[in-house]
Amino acid sequence: MVVETVGRALTKAPRVVIRGIGDLLGRRSAPVGSPPGALAIDDSLPPPRISVMARTAEGVIERETDRIDELRDAVGASQLSWIDVQGLGDRAALEGLAEAFGIHPLALADVVHTSQRPKVETYPDHDLLVVRVLALNEAGEMEVEQLSVVVGASYVITFQERYGNILDPVRRRFRAQLGPLEEHGGDFLAYAIVDTVVDGYFPLLEAFADHLEDLEEKVMARPRPAILTEVQKTKRTLIMLRRSVWPLREALNIMLRERSPRFTEAIHPYLRDTYDHCVQVHEVTESYREVASELTNTYMSMVANRTNDVMKVLTIMASVFIPLTFIAGVYGMNFEHMPELHERWGYPAVIGVMISVGLGMLLFFWKRGWLGDGRDDP
């Protein structure tokens, strides 16, 4: 299912740019030398906004709360619960949630330190999935956000850096209890969340295709330094996309090879489908990276060709004026006995000779193919 917010952004701003090199390198985690599991809260992140969706015998119960006891009661009284945490700016709330559901300190540290590469970690009571959400904002800039998924026996907890509706398609399916989402437990819900994130990569690839085609037309028509800068930004954005897809592909492969008790055998065909999508996205991303690199080479070639054309024109002009300058220099000498200087036909004759020499050289250059389309091709 394609992420709707990305699709709307594509219709408004199909360009793909990168916001800064800091998004590519990641933000700093805990200070050097900190004990394992130490938390470094990013002050720029908003406070947690917690909502819970629980599937019970009477139907789906949904509400927003910040009380840990209500969350615990909802999980205990339901067949499957989904706790969604948006915002990681409150240490006490996150630690209270981790204590209530037995989230390992190292897993909580990975959730809070939002520079993690996509991965999967298995703990005694739960699994942790880390993925990177890529989406276009209203300005056409690609934003990167870490999404962490904790999968327990009868619950799933998702942690998002900021408020957003990236998981709204999964929420609608959870409310409607459609298809396998009603039949399976938390493993299928976790799969649906990851699959939604991966499906959101495809609109980005479509935007890249249009953007690279537009850049190619600009490079071929009129190469300018601003276009080269745009090509370099596109290459860096593609590197960011690859940095998000390649580790996720490896994480899904690990989930298929190493069987976790939280993921049943029935969920593996769905995981293989998502893995196949990751492979496809990765291959297309690599192809686009090659296209972007070739655009740089094409830009350099076009600039060199334009420089050669300019130099050719200047050389032809200089070659034409060399004999004319020689003739003008000869008759500009101040010798007393120069018969042509005293004849009435002297000036017209010299001008005619100079015109004939110039036209003759231009005709010769044209026949050799050095000026326009000549008849001879050396």
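The values are calculated or read from the model by the stated rules, or taken from the named source; none is laboratory data. None of these values were measured; they are calculated from a predicted model. Every residue, glycine among them, receives a Cβ derived from its backbone with ideal geometry; neighbour counts consider all protein chains shown. Note: accessible area is taken over every heavy atom of the protein model, side chains too, but ligands, DNA and RNA are not part of it. Shrake-Rupley method; radii C 1.70, N 1.55, O 1.52, S 1.80 Å.
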(request) Considering (1) of a type in the set (A, V, I, L, M, F, W, C); (2) out of contact with any Asp or Glu (no Cβ under 9 Å at 6 or more places or on another chain); (3) at pLDDT 80 or above, say which one LEU295 fails and leave the rest. (result) (2)
(message) What pairs come out if I take residues in the range 300-314 that are of a type outside the set (D, E, K, R) and pair them with residues that are in a helix (DSSP H, G or I) whose C-beta lies under 9 Å away, six or more apart or interchain?
(response) MET300/LEU228; MET302/VAL219; MET302/MET220; VAL303/LEU228
(message) Looking for something open to solvent by 80 Å² or more (accessible area, probe 1.4 Å), within 21 Å of the chain's Cα centre (by Cα), at pLDDT 90 or above and within 30 Å of SER148 (Cα to Cα) - is there at least one such residue anywhere in the range 238-253?
(response) yes
(message) When you check ALA318 against the structure, is it of a type in the set (Gly, Ala, Ser) and loosely packed, with under 11 Cβ neighbours inside 10 Å, yes or no?
(response) yes
(request) Working only within the range 183-217, note down all residues that are buried (at least 17 other Cβ atoms within 10 Å of the Cβ) and without any contact (Cβ under 8 Å) to a residue 24 or more places away in the chain. (result) ALA192
(request) For the range 84-98, state whether one or more residues are of a type in the set (Gly, Ala, Ser), touching a Lys or Arg at 6+ places or on another chain (Cβ under 6 Å) and touching a residue at least 24 places away in the same chain (Cβ under 8 Å). (result) yes
(request) Of the conditions (1) within 22 Å of GLY37 (Cβ to Cβ); (2) open to solvent by 10 Å² or more (accessible area, probe 1.4 Å); (3) of a type in the set (S, T, N, Q); (4) out of contact with any helix residue (DSSP H, G or I) (no Cβ under 7 Å at 6 or more places or on another chain), GLN146 clears all except one; give me its number. (result) (2)
(request) Considering only the range 255-299, state which residues are in a helix (DSSP H, G or I), of a type in the set (Lys, Arg) and surrounded by fewer than 16 Cβ atoms within 10 Å (Cβ to Cβ). (result) ARG257, ARG272
(request) Under 7 Å between Cβ atoms, at least 6 apart or on separate chains: pull out the pairs that start in the range 232-253 with a residue that is among the aliphatic types (A, V, I, L, M) and end on any residue that is modelled with pLDDT under 85. (result) ILE239/LEU24; MET240/ILE18; MET240/ASP23; MET240/LEU24
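Considering only helices (runs of 4 or more DSSP H) fully contained in the range 136-245, which possess at least 3 residues that are in contact with a strand residue (DSSP E or B) (Cβ under 8 Å, 6 or more places away or on another chain)?
Values: elements: 168-176, 180-183, 186-199, 201-221.
Where helices (runs of 4 or more DSSP H) fall fully within the range 136-245 and carry at least 3 residues being in contact with a strand residue (DSSP E or B) (Cβ under 8 Å, 6 or more places away or on another chain), they are 168-176, 186-199, 201-221.
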